[in-house]
Structures are given as structure tokens and as C-alpha cells.
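Peer 1: Questions regarding the structure given below will be posed in turn.
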Amino acid sequence: MLLEALSSAILGLALAWAATHRLAHRLPARPLVLSTGVAGALFGAFVMHSALEAGHLLVVLLGAVIVSVASLSLLLRPAGRMRRRSATA
């Protein structure tokens, strides 16, 4: 289980770093993004490990990646300004 936790934390950190590198203009502060990526990956690994028990390392890591990406996607802001039209237009 220690290997799963360490691997998922490293994957979450790598995903968060890639997101901050690629989408820095659409994300909040870097420490928040990095901690969200790691926390999401650890939570995903915990859920998958609880559901499947031991012996499924790749599936647990896949679950960690999915939850980490989902958590990071919640931090994204819209790319441009949203145009609002009046109700009469």
C-alpha cells in the first residue's frame, strides 16, 4: 500500500505540474494547484484500493490519475471573457 500511495502522489504531482506549465493563465496559484493534484491522486488511490483491495496496482494508479485530473479540472477558469447579452437584445 505504501508503493500505491507514493506512486499516486508522484503521479498527482506530475499532472499538477504539467497543468501549471501548460495552463498557467487559467489556473490559480501554483501551490494550490500542486496540492490539489496530489490530494486528488491520493484520494483516488484510496477509493480504488478500498474497492479492489490489494494486488491491482495499475488499476489503483489509473483511478488516482482520473480523480486527480477531475480535481484539477475544477480549478480551471474560463479562457476568455464571457459576453453577456441583455435580455432585450
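The values are calculated or read from the model by the stated rules, or taken from the named source; none is laboratory data. Quick caveat: nothing in here was measured; it's all calculated off a predicted structure. Glycine gets a Cβ as well: all are built from the backbone with ideal geometry, and neighbour counts include every protein chain shown. Calculation scope for accessible area: heavy atoms of the full protein, side chains included, ligands and nucleic acids excluded. Shrake-Rupley method; radii C 1.70, N 1.55, O 1.52, S 1.80 Å.
Peer 1: Nearest 20 debye, what's the magnitude of the dipole of the chain about its Cα centre given +1 on Lys and Arg Cβ and -1 on Asp and Glu Cβ?
Peer 2: 940
Peer 1: Next question, about the same structure. In the chain, if the dipole is taken from +1 on Lys/Arg beta carbons and -1 on Asp/Glu beta carbons about the Cα centre, which of 63, 23, 45 is farthest to the positive end?
Peer 2: The listed residue farthest towards the positive side: 23.
Peer 1: Using the per-residue mean of other Cβ atoms lying within 10 Å as a proxy for protection, in what order, highest first, do the peptides 48-59, 30-41 fall?
Peer 2: Put in order of decreasing packing, that is 30-41, 48-59.
Peer 1: Here is a follow-up. Run the accessible area of the chain with a 1.4 Å probe and give the carbon-and-sulfur part as a rounded percent.
Peer 2: Result for the chain: 68 percent of the exposed heavy-atom area is carbon or sulfur.
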